[in-house]
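Scroll down for the structure; my scribbles are underneath it.
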Amino acid sequence: MPFSEPDDESNLLLFSAEHFMRRAIELAQHAATEDEVPVGAIIVHRHNIIAAAYNQRENLADPTAHAEMIAITQAAAALKSWRLTECELYVTLEPCPMCAGAILQSRIPRVIYGAADHKAGAVESLYHLLNDNRFNHQCEVVGGVLAPECGRLLTEFFEGKRRLGKK
């Protein structure tokens, strides 16, 4: 679908989702230049980006330095509150269990992701943590936004690693 102005109310949501996902893709591309798994995340509050992050596990030597975790920390600092109840999270890859837990704890009401993660996805692929009514908070989930572009970044990154003999 070409990126153009929306022509009706139903397309407005898709238009804004694609717009913000493209920013997350830019962050993922930057992660790859730093030899990080190319995942980017942004948090939007009232149509404004208040947090932007990418994976930094290698650079920070921190297993929790996923794009979503860093973006949540940034957003909480920007709003001076751990409750991100008026925010949306856009991320290029379906969140893992750790990130899904942080999303629930921060009360983010809406998560939009690009590529599914069939090995560690905790939103729709392996688990449905964000929609589990046993938790005190659930999220609206929109998956597959610009999925081919998001998935291609990851595929190319790991193909490059395999060519170099790295895991």
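The values are calculated or read from the model by the stated rules, or taken from the named source; none is laboratory data. Because the structure is a prediction, the values reported are computed rather than measured. All Cβ positions, even for glycine, are placed from backbone atoms using ideal geometry, and neighbour counts span all protein chains on display. Heavy atoms of the whole protein, side chains included, go into the accessibility calculation; ligands, DNA and RNA do not. Shrake-Rupley method; radii C 1.70, N 1.55, O 1.52, S 1.80 Å.
Some observations on this one:
- Of all residues making up region 127-167, the number that are of a type in the set (A, V, I, L, M) and touching an Asp or Glu at 6+ places or on another chain (Cβ under 8 Å): 3
- Of all residues in region 74-108 being open to solvent by 10 Å² or more (accessible area, probe 1.4 Å) and acidic (Asp, Glu), the one that is nearest to Ile42 (Cα to Cα): Glu88
- Check on Ala53, touching a residue at least 12 places away in the same chain (Cβ under 8 Å) and not in a strand (DSSP E or B): no
- From Val111, Val145, Val91, residue being in a loop (DSSP other than H, G, I, E, B) and closer than 16 Å to Met21 by Cβ: Val145
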